[in-house]
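Heads up, the thing below is written out as structure tokens.
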Amino acid sequence: MKTVLYPGSFDPFTNGHLDLVVRAGLLFDQVIVAIAVNSEKSPMFTMEERREQIECCCRHLPHVRVVMFHGLLIDALERYQAHAVLRGLRAFSDFEYELQMALMNRSLRNTCETIFMMPTQENSFVSSRMVKEVAMLGADFRAYVPPEMVAPIEARIRAFREAKHD
Ligand code: PNS
């Protein structure tokens, strides 16, 4: 069974992420979406919330499993016996960071291969950061996320706003 590990923050899970998970399912038997702890970011959702949300968005995709990981990606790759890392490449601007990350991972473990896939053009500008930003500023963000994500994002924005007015 060929398994690919798809790591990221997924805060929140977008149509771009879903697009990649579906595409990767055409090449791999199993796609493990691996939610990473990233201490630099102040997340919109907890890891557990993200795990439940992604499971909900992918419940029609039997090849998808969702896990959480702390520490190094190469260790998660081994733990889940995945054959490669999957990352999305949207624009040229993603490339430098992704190249560095792929080469660092391969330097740490020379068997670590990274596969890049491109989302459809209509998802090629969608990022979690921008979805969060436009949603927080009151724009209609529903075209950028799976329908299952709309209510949780709206609820979190309401909670942020209420906390601000307290
Ligand atoms: O969605 P993101 O935030 O771009 O994902 C980045 C992520 C989580 C894939 C990356 O930060 C990561 O792999 N973190 C785990 C720590 C690690 O292994 N670092 C060394 C490789 S750069």
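The values are calculated or read from the model by the stated rules, or taken from the named source; none is laboratory data. Keep in mind that what you see is a predicted model, and the values were worked out from it rather than measured. Heads up, the Cβs are rebuilt from the backbone with ideal geometry, glycines too, and the neighbour counts pull from every protein chain shown. Keep in mind that these areas ignore ligands, DNA and RNA; they rest on the heavy atoms of the full protein, side chains included. Shrake-Rupley method; radii C 1.70, N 1.55, O 1.52, S 1.80 Å.
With contacts taken as Cα pairs under 8 Å at a separation of at least 6 residues, the chain carries a relative contact order of 29 percent.
Computed from phi, the 3J(HN,Hα) profile of the stretch 140-146 under the Karplus parametrisation 6.51, -1.76, 1.60 (θ = phi - 60°) reads 7, 9, 5, 6, 9, 10, x Hz, with x in place of Gly and Pro.
Relative contact order of the stretch 44-135: 25 percent, from C-alpha pairs under 8 Å at least 6 residues apart in sequence. Shown here for the stretch 92-138: chymotrypsin sites (Phe, Trp or Tyr not before Pro) in loop regions (DSSP other than H, G, I, E, B) with at most 16 other Cβ atoms within 10 Å, namely Phe125. Taking θ as phi - 60° and the Karplus parameters 6.51, -1.76 and 1.60, the scalar couplings of the stretch 52-57 work out to 5, 5, 5, 4, 5, 5 Hz in sequence order, x denoting glycine and proline.
Could you tell me what percent of the accessible area of the stretch 97-166 is made up of carbon and sulfur, with a 1.4 Å probe and every protein chain present? Its accessible area is 57 percent carbon and sulfur atoms.
Close amide H partners of Glu113, meaning residues 5 or more places away or on another chain with modelled amide H under 5 Å apart, are Val85. Shown is the FRET efficiency for Tyr97 and Met130, computed with R0 = 22 Å from the Cβ-Cβ distance and rounded to the nearest 0.05: 0.85. Compared with the direct C-alpha span, the chain from Glu48 to Lys2 gains 13.9 nm at full extension, assuming 0.36 nm per residue.
Within the stretch 1-148, DSSP assigns beta bridges of which about 0% are antiparallel (rounded to the nearest 5). Residues in the chain average 58 Å² of solvent-accessible surface per residue, probe 1.4 Å, ligands and nucleic acids excluded.
Backbone geometry of the stretch 153-159 corresponds, through the Karplus equation with coefficients 6.51, -1.76 and 1.60 at θ = phi - 60°, to 3J(HN,Hα) couplings of 5, 4, 5, 5, 5, 4, 5 Hz, x marking Gly and Pro.
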